[in-house]
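A quick write-up on the structure given underneath.
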Number of protein chains: 2
Amino acid sequence: MGFRELIREARENKGSPIVLALDLRPDKPSKLMRKASWVLEETAPYICAVKLNFHLILPLGLSGIRPILDAAHGAGLACIADVKLGDIGSTNEVAASYFFEAGFDALTASPLSGWEGGLEPLFKLAREAGKGIIVLAYMSHPGASETFGLEIAGWKGKYQRLYELFVEKALNWNADGLVVGATRPDVIRAIRERVGPGMLIFAPGVGFQGGDARAALEAGADFLIVGRSIVLADEPGRVAKSLLEALK
Amino acid sequence: MGFRELIREARENKGSPIVLALDLRPDKPSKLMRKASWVLEETAPYICAVKLNFHLILPLGLSGIRPILDAAHGAGLACIADVKLGDIGSTNEVAASYFFEAGFDALTASPLSGWEGGLEPLFKLAREAGKGIIVLAYMSHPGASETFGLEIAGWKGKYQRLYELFVEKALNWNADGLVVGATRPDVIRAIRERVGPGMLIFAPGVGFQGGDARAALEAGADFLIVGRSIVLADEPGRVAKSLLEALK
């Protein structure tokens, strides 16, 4: 089963489109481990996947990450490494092989790398390993408009925005999904129209960054990425539950 | 002393513009530690800095990286985390605080993040900590031309390439350095003309990727990033020494 089926099935089983960004504030490794396990346990009934970033990967290393991924899989969740990988091909390959071996089902990649000697070896490795690649299409923060929103010249004879080119590339690369900020529902809608129902759309920025969960889903997002408003709460399970109920 | 002074001084003291990319092939953590220490010891007299990427950061974690950075500093080398950081601001901050705390003197960042809520908090943190930020201007691999080489529309009233916009941004952000592939000496030359002598230019892609070391320096690069042709050699010290002698 490929990543798209895996995470769609998790969403179905859990009845939730919420991907938890397990982004904890810096702390000692032992405390981070305990807090991550606790947040995961509290929220697991209300989410379909978990996304890890440098917040845990750097202090814990992959050996410390593995038990968290095992627990997540045990709770029926998909696991995404959100590292926005964007290096030369040989480095992307080495990094991805470590992430996949540690148990991640998919990772995020930056389209700025391009294909030849950039993301091509990464996609090849992911295909062989049955893992997913999610490409950044338009990030959630204000500064993203400076770059993803740039007007580019002469592409297929008409002006186009850089994010639209990234979406075309992701389609050509047969990416499993796109990251499109929940803060930009109009962009989500336009991208959904272009890519059709096959491509997964992940919308981060719900909560702390001001994205509206319902608007993002109505615009065509498949998954909502929610981090700080859940993980920094005193009762993360209760917050995740309320968010899920509000969506229904 | 800021990062620019630090690495310029190391280059002066060592009489070498070579930054070693300590990119080892995947292996067990204990073997990677041994090999990294050995390569560093053998090559230290012929290099001025060391650059670490996911090849070591993922399997060793930051606690395993620290002794390598200590040894590098002890040998008079600057230390760069080449992670092409390009996330939202809060994540960039957390990641950078871990990297700087572990002992890195600088890190690389992706301009795709833009400023507001993207790289701004990262630069602020680096300034406060006296650390450096090196921005990707034009990567070394073939696929980079698909993106960094893109023609953009309507920017200051004239057509321009995306990499030129990244260079303008890096100047406005007061970045310490730029990454420009040694595989593109003409681009190095054009960028050096634009940025003047204050901005550091790091040129990766020498050796395995086909970049010509001497041509990159003559075009205006301050530093050559060399990885596999040194670290995968049977005698890394001898290869580093030969490369340095060939430059003189």
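Values in this text are rule-based calculations from the coordinates and carry no lab data. Being a predicted model, the structure only gives us computed values, none of them experimental. Cβ coordinates were reconstructed from backbone atoms using ideal geometry, including for glycine residues, and neighbour counts include every protein chain displayed.
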query = How far is B:Lys28 from the same spot in each other copy, in nm, shortest first, if each label point sits 7 Å from Cα toward Cβ?
reply = 3.0
inquiry  = Once R0 is set to 56 Å, what does the formula 1/(1 + (r/R0)^6) return for the Cβ-Cβ distance between B:Glu193 and A:Ser30, expressed as a FRET efficiency to the nearest 0.05?
reply    = 0.60
remark   = When B:Glu93, B:Glu218 are arranged by how many other beta-carbons sit within 10 Å of their Cβ, fewest first, they go B:Glu218, B:Glu93
task = Hey, can you grab everything whose amide H is under 5 Å from the amide H of A:Lys51? Only 5+ residues off in sequence or another chain; H modelled, so Pro and N-termini drop out.
result = A:Leu20, A:Ala21, A:Leu22, A:Ile80
request  = For chain B, find the longest principal axis of its Cα atoms and tell me its angle to the long axis of helix B:29-43, 0 to 90°, nearest 10.
outcome  = 90 degrees
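Quick one: dipole size for segment B:3-247, taken about the Cα centre, charges +1 on Lys/Arg Cβ and -1 on Asp/Glu Cβ, in debye to the nearest 20.
Numbers: 27 positive and 29 negative charges, 45 e Å.
About 220 debye.
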ask   = Using the alpha-carbon atoms, what tilt in degrees (0 to 90, nearest 10) does helix A:236-247 show relative to the longest principal axis of chain A?
value = 50 degrees
remark   = So the compactness index of the protein assembly as shown, its C-alpha Rg divided by 2.2 N^0.38 Å, takes the value 0.94
task = Give me D for chain B in µm² s⁻¹, whole number, from Stokes-Einstein with Rh from the Kirkwood sum over alpha-carbon pairs, 37 °C and 0.692 mPa s.
result = 181 µm²/s
query = How far apart, in nm, are the 7 Å Cα→Cβ label points at B:Met1 and A:Trp38?
reply = 4.4 nm
ask   = Tell me which A residue has its C-beta closest to the axis rotating A onto B, and the distance in Å?
value = A:Gly61, 1
note = Non-local residues with an amide H under 5 Å from the amide H of A:Ile152, with H modelled 1.01 Å from N and Pro and chain starts lacking one, are A:Gln160, A:Arg161, A:Leu162, B:Ala153
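How many percent of all Cα-Cα pairs in segment B:91-143 sit more than 12 Å apart? Intermediate values should be presented prior to the final figure.
Working: 871 of 1378 pairs.
Value for segment B:91-143 (Cα pairs over 12 Å): 63 percent.
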remark   = Distances in nm between the label point of B:Ala129 (7 Å along Cα→Cβ) and its equivalents in the other copies, shortest first, are 2.7
key: Helix B:185-195 axis, angle to chain B major axis (alpha carbon atoms, nearest 10°)   = 60 degrees
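Could you compute how fast segment B:114-230 diffuses translationally, taking Rh as the Kirkwood radius over C-alpha pairs and applying Stokes-Einstein at 25 °C with viscosity 0.890 mPa s? Give it in µm² per second.
Values: Rh = 14.7 Å.
Here the translational diffusion coefficient equals 167 µm²/s.
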query = Given the C-alpha centroids of segment A:127-152 and segment B:1-42, what is the distance between them in whole angstrom?
reply = 32 Å
message = Placing the label point 7 Å from Cα along the Cα-to-Cβ direction, what are the distances from B:Arg194 to the equivalent spots in the other copies, shortest first, in nm to one decimal?
response = 2.5
inquiry  = Just to compare against my own numbers: the Cα pair-distance distribution for segment A:1-133, 10 Å bins, whole % per bin, please.
reply    = 13, 43, 33, 11, 0
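Give, rounded to the nearest 20 debye, the magnitude of the charge dipole that the protein assembly as shown has about its Cα centre when Lys and Arg contribute +1 at Cβ and Asp and Glu contribute -1 at Cβ. Don't jump to the answer; show the numbers that get you there.
Working: 56 positive and 58 negative charges, 4 e Å.
It works out to roughly 20 debye.
How high is the relative contact order of segment B:3-247, in percent, with contacts defined as C-alpha pairs under 8 Å that are six or more residues apart? The partial results should precede the final answer.
Details: 463 pairs, mean separation 46.5, N = 245.
Relative contact order here is 19 percent.
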ask   = Considering amide H positions built from the backbone, and no H for Pro or chain starts, which residues 5 or more places from A:Ile201, or on another chain, come under 5 Å of its amide H?
value = A:Leu178, A:Asp222, A:Phe223
